[in-house]
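**Q** Okay, handing you the structure first.
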Amino acid sequence: MAESLPGARATTPPQERALVFDKRDFHRACKLIYAYAGIQLSAYKADMVYSRLARRLRAHGLHRFSEYLDLVETDPDAEAQAFVNALTTNLTSFFREDHHFRALAEQLRAAYRPGESVCGRPQEKLLIWSCAASTGEEAYSLAITACEAFDTLAPPVRILATDIDTNVLQTAASGVYPIERIEALEARRKRSFFQRGSGARAGQCRVRPELQALIEFRQLNLLDANYGLRDGTYSAVFCRNVMIYFDKPTQTHVLERIAPLLTPNGRLYAGHSESFNHAIDVVASCGRTIYRAATPDDRR
């Protein structure tokens, strides 16, 4: 997955900053990113906030961070998304934490029962949601896993891939990557699922169009009041390495939204450093950073 990764420890002395930025601006930016995206920034992230947002100030011809933050607050439709995009960095790779994909392949094969009813409708496709899709490597890894699980480029799977950052979703939807992004993959996977560029596209690769056809990319904020998704229909939800940037109440709130989306045998896949022991009445562990919706028996 994808990970919204706040930046490095402050290194630029305030007196060397070309734009006016003080502690009040930093705390105000922290409150805004928490309100918009649920992300908590530590006290030592001031230099990261300055460097990321300075580009937006220059784009608007502003010299004071207070003026820019006024703009974010007074005209959110115009600038709030750019503000969020600037303060989220996306760290991802193909088949990151690959034990999850092995578990998913087994789950998909066991779950597919064509003709059986799911939420009152005949099962035609298994639904998977990648909650923080970033530049798309996780979503395409899910698509490859589905193809391999069913030994076809047209598996009975549909993938929803969302992210709060609209910029990375554009990259994801294009399906084009520097060739070094797939260097660690098995030769068989490279041949089967990627097309190597030539000429002006030398040094790049593109995922096969059959993979792109399995995925819908969409902007979605996990703090949104309504995800627009149907309860009880998702066989798997990958929400990995994003919860670590939420406080415990926000994590619980998001889990309470995700758990009802899962099918009876559905699974929630979390990041390697994420634990939901504080939400045992919402989700229950059933594997290595794999969860299911909690049942009444779990809550006793």
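**Q** Collect the residues in the stretch 220-252 that are loosely packed, with under 14 Cβ neighbours inside 10 Å and not small (G, A, S), keeping them in residue-number order.
**A** Pass one, the stretch 220-252, residues loosely packed, with under 14 Cβ neighbours inside 10 Å: 224-226, 228, 230-231, 247-249.
Within the stretch 220-252, D224, N226, R230, D231, D247, K248, P249 qualify.
**Q** Output the residues belonging to the stretch 66-92 that are within 18 Å of I164 (Cα to Cα) and of a type in the set (S, T, N, Q).
**A** Scanning the stretch 66-92 gives Q81, N85, T88, T89, N90, T92.
**Q** If you don't mind, another one. Would you be able to say whether some residue in the stretch 79-87 is among the β-branched types (V, I, T), out of contact with any Lys or Arg (no Cβ under 9 Å at 6 or more places or on another chain) and touching a residue at least 24 places away in the same chain (Cβ under 8 Å)? Step through it out loud before you land on a result.
**A** Restricting attention to the stretch 79-87, the residues satisfying the condition of being among the β-branched types (V, I, T) are 84.
Remaining after also requiring out of contact with any Lys or Arg (no Cβ under 9 Å at 6 or more places or on another chain): 84.
Checking the rest, the ones that are also touching a residue at least 24 places away in the same chain (Cβ under 8 Å) come to 84.
Yes, that holds for at least one residue.
**Q** Within the stretch 88-105, can one find any residue that is in a helix (DSSP H, G or I), more than 30 Å from T289 (Cα to Cα), in contact with a Lys or Arg (Cβ under 9 Å, 6 or more places away or on another chain) and modelled with pLDDT of 95 or more? Steps first, please.
**A** Residues of the stretch 88-105 that are in a helix (DSSP H, G or I), as a first pass: 99-105.
From the residues that got through so far, the ones that are more than 30 Å from T289 (Cα to Cα) too are none.
No, the conditions are met nowhere in the stretch 88-105.
**Q** While we're looking at this one, here's another question. Would you say F26 is under 30 Å from F150 (Cα atoms), modelled with pLDDT of 85 or more and aromatic (F, W, Y)? Don't jump to the end; show me each part of the working.
**A** Details: under 30 Å from F150 (Cα atoms): no; modelled with pLDDT of 85 or more: yes; aromatic (F, W, Y): yes.
It is false that F26 is under 30 Å from F150 (Cα atoms), modelled with pLDDT of 85 or more and aromatic (F, W, Y).
**Q** If only one of I244, I258 is within 18 Å of S130 (Cα to Cα) and at pLDDT 95 or above, which one is it?
**A** Values: I244 fails: at pLDDT 95 or above.
Every option except I258 fails the conditions.
**Q** Has the stretch 187-206 got at least one residue that is within 29 Å of Y245 (Cβ to Cβ), out of contact with any Ser or Thr (no Cβ under 6 Å at 6 or more places or on another chain) and crowded, with 16+ Cβ neighbours inside 10 Å? Please lay out each step first, then the result.
**A** The first filter runs over the stretch 187-206 and keeps only residues within 29 Å of Y245 (Cβ to Cβ), leaving none.
Within the stretch 187-206, not a single residue is within 29 Å of Y245 (Cβ to Cβ), out of contact with any Ser or Thr (no Cβ under 6 Å at 6 or more places or on another chain) and crowded, with 16+ Cβ neighbours inside 10 Å.
**Q** A further question on this structure: Please work out which one of (1) modelled with pLDDT of 95 or more; (2) of a type outside the set (V, I, T); (3) surrounded by 12 or more Cβ atoms within 10 Å (Cβ to Cβ) is the condition A111 fails and give its number.
**A** (1)
**Q** Give just the number: which of (1) assigned to a loop (DSSP other than H, G, I, E, B); (2) touching a Lys or Arg at 6+ places or on another chain (Cβ under 9 Å) does V237 not satisfy?
**A** With (1) assigned to a loop (DSSP other than H, G, I, E, B); (2) touching a Lys or Arg at 6+ places or on another chain (Cβ under 9 Å) applied to V237, the lone miss is (1).
**Q** When you check R188 against the structure, is it part of a strand (DSSP E or B) and either touching a Phe, Trp or Tyr at 6+ places or on another chain (Cβ under 9 Å) or farther than 13 Å from V176 by Cα (or both), yes or no?
**A** Numbers: part of a strand (DSSP E or B): no; either touching a Phe, Trp or Tyr at 6+ places or on another chain (Cβ under 9 Å) or farther than 13 Å from V176 by Cα (or both): yes.
Answer is no for this residue.
**Q** Look at H27 and say whether it is in contact (Cβ under 8 Å) with a residue 24 or more places away in the chain and either surrounded by fewer than 15 Cβ atoms within 10 Å (Cβ to Cβ) or on the phi > 0 side of the Ramachandran plot (or both). Lay out the reasoning, then the answer.
**A** Values: in contact (Cβ under 8 Å) with a residue 24 or more places away in the chain: no; either surrounded by fewer than 15 Cβ atoms within 10 Å (Cβ to Cβ) or on the phi > 0 side of the Ramachandran plot (or both): yes.
Judged against the criteria, H27 is not a match.
**Q** Hey, among R158, R206, R181, which residue is in contact (Cβ under 8 Å) with a residue 24 or more places away in the chain, assigned to a helix (DSSP H, G or I) and either charged (D, E, K, R) or out of contact with any helix residue (DSSP H, G or I) (no Cβ under 7 Å at 6 or more places or on another chain) (or both)?
**A** On the way: R158 fails: assigned to a helix (DSSP H, G or I); R206 fails: assigned to a helix (DSSP H, G or I).
From the options R158, R206, R181, the qualifying one is R181.
**Q** In the stretch 268-300, what residues are over 19 Å from H100 (Cβ atoms) and loosely packed, with under 12 Cβ neighbours inside 10 Å?
**A** Initially, the stretch 268-300 is screened for residues over 19 Å from H100 (Cβ atoms), giving 277-282, 294-300.
Residues satisfying the conditions are N277, T295, P296, D297, R299, R300.
The values are calculated or read from the model by the stated rules, or taken from the named source; none is laboratory data. Computed from a predicted structure; not experimentally measured. All Cβ positions, even for glycine, are placed from backbone atoms using ideal geometry, and neighbour counts span all protein chains on display.
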